[in-house]
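One structure is given here, and the rest of the page talks about it.
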Amino acid sequence: MRRFAALALLLLLCPLAASAHSFGRLYNLPVPFWLYAYGAAAALALSFLIAAYFLQAPSLGTPARSLDLSDRAWVRRLPWHGLQAGALLALLLCIATGYWGSRNPYLNINMTLFWVVFVLGYAYLSALLGDLYARINPWWLLALGLGRVWRGYARGRLAAPERYGYWPALTLYYGFIWLELFGHSKPGSLATALLAYTAINLVGAGLWGLRAWFRYGELFAVFLRLIALMAPLHWQHGEDGRSRLRLRWPFAGLLEQRAEHPSLLLFILFMLSSTAFDGLRETVPWVRLFWTEAYELLKPWVGEHPYRAYPLLRSLYLGWQSLALLLSPFLYLALYLACVALARRLAGSALPLRELALRFAYSLLPIALVYHLTHYYTLLLTQGLKIVPMLSDPFGWGWNLFGTVGWFRAAIIPDMGLVWHSQVALIVFGHVVSVVLAHREALRSFESPRAATLSQLPMLLLMLLFTTAGLWILAQPIQAGQ
């Protein structure tokens, strides 16, 4: 066992992808964790009672209150062509610097520009400013340009591609998360991945048609459109190239639309489970589960000497984690469907389980957003600001094009106590919003306020489970100094 303990220590010391919430020193919670869990549960229960007492069923067919901003001068003057050119240039820059720039990921702009500025920063920006990405998507611009020189390309080859749902986007989402967690991405490999993803989008648009592919197949178009449903700004991009803008209440967009296909429900659940898994895999209990418990079962196959078996064990560990990632949304789906089925029974509803599951799917999106935000927002401070000096030297060749190379050289490391309490506040806030949204949907779906309230008891239990598990996962790496 001593040898195996040394092996496990060696595993923990192996270089892995940088964590978005790493600090490198221990932090003791000011009060026991169970107090945070009870406090969060009490906040959710109180929000449920308030929602049950005060909320009324929204009138069907009545549009949500909003303010049309389309005729404002600043909206009409938005430089769409400049934004589109900037998005396309950013994609080309990520590919070019990956192949011809520095091999050091902290000097090459493509790692920070893609993983931090786009994947993190732009997602959070979409939750505030709406779905601007639909108009400036660089892969859509490339496919649109190809369609102008290749007759019939934009129409696609498949008949009624909508029947396939969002399975292509979900498949690409799996590959993207696997690359993020286990791909040990470097500038060159990232450039290759972006080039391959560009080819996938161009082929997909040619098979499915331009509109269908970028609604159902392109990963980031689907992901950012879901995030943008929570934004107070709602963009409607017309076929004539004009865009209309209206101001609405935050999260109101989640009540204006419904998930139209089970694959979209699974996509939303993977937004939750992949983020939770990323935090879970950094915890000591998860590591021990394989390197102690599972190892004992594997001994007859791999042998009694862990040092000799280490290469094989590490490959098995990667397979173990990949399988867990693959199954994670289905575990969430089982819990979710069980709660929806119980809600249907308590409400005495005749609506099919599939219909109810799709109706309540968007109520999970605030939780997915805060999970993503709490796990990764510190990376915007520690690495995201580095984009400013990197703009002057994108290839890492020692340039100083804009005179910003000396800016933000020291990373901003936030106080761990502030990080933890902001994470707690965001987790609770996201779940409270989800409780309110689910109750509004219940009032709209079931016959009476009493039936709606009863139906939400299982959903409240699900939210409590998500809250407690989310806080526990966040607390483990911080307290362990990982």
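What are the residues in region 282-306 that are polar (S, T, N, Q) and outside any helix (DSSP H, G or I), if any? Residue satisfying the conditions is T283 alone. Is there a residue in region 148-156 that is crowded, with 16+ Cβ neighbours inside 10 Å, assigned to a helix (DSSP H, G or I), touching a helix residue (DSSP H, G or I) at 6+ places or on another chain (Cβ under 6 Å) and of a type outside the set (F, W, Y)? No, that holds for no residue. In region 194-231, what residues are part of a loop (DSSP other than H, G, I, E, B) and more than 12 Å from S126 (Cβ to Cβ)? Once the filter is applied, which keeps residues that are part of a loop (DSSP other than H, G, I, E, B) and more than 12 Å from S126 (Cβ to Cβ), region 194-231 yields G209, E218. May I ask you to verify whether L67 is modelled with pLDDT of 85 or more, surrounded by fewer than 17 Cβ atoms within 10 Å (Cβ to Cβ) and not in a helix (DSSP H, G or I)? The answer is yes for L67.
This table checks each residue for (1) in the same structural domain as L144 (by TED's automatic domain parsing); (2) of a type in the set (G, A, S); (3) surrounded by 13 or more Cβ atoms within 10 Å (Cβ to Cβ).
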position	(1), (2), (3)
Q84	yes, no, yes
A96	yes, yes, yes
N104	yes, no, no
N108	yes, no, yes
M111	yes, no, yes
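The residues of region 173-201 that are among the hydrophobic types (A, V, I, L, M, F, W, C) and more than 13 Å from L219 (Cα to Cα), listed by number, are W178, L179, L181, F182, L190, A191, A193, L195, A196, A199. Taken together, P262, P329 contain a single residue that is outside the structural domain of I367 (by TED's automatic domain parsing) and either more than 23 Å from L373 (Cα to Cα) or within 22 Å of the chain's Cα centre (by Cα) (or both), which is P262. Restricting attention to region 406-439, the residues that are surrounded by 21 or more Cβ atoms within 10 Å (Cβ to Cβ) and of a type in the set (K, R) total 0.
One residue is enough: does region 362-375 have a residue meeting the conditions in a loop (DSSP other than H, G, I, E, B) and either touching a residue at least 24 places away in the same chain (Cβ under 8 Å) or closer than 29 Å to L280 by Cβ (or both)? The answer is no, given that none of the residues of region 362-375 is in a loop (DSSP other than H, G, I, E, B) and either touching a residue at least 24 places away in the same chain (Cβ under 8 Å) or closer than 29 Å to L280 by Cβ (or both).
The values are calculated or read from the model by the stated rules, or taken from the named source; none is laboratory data. Since the structure is predicted, the reported quantities are computational estimates derived from the model, not experimental observations. No Cβ is skipped: glycine too gets one built from the backbone with ideal geometry, and neighbour counts run over all protein chains shown.
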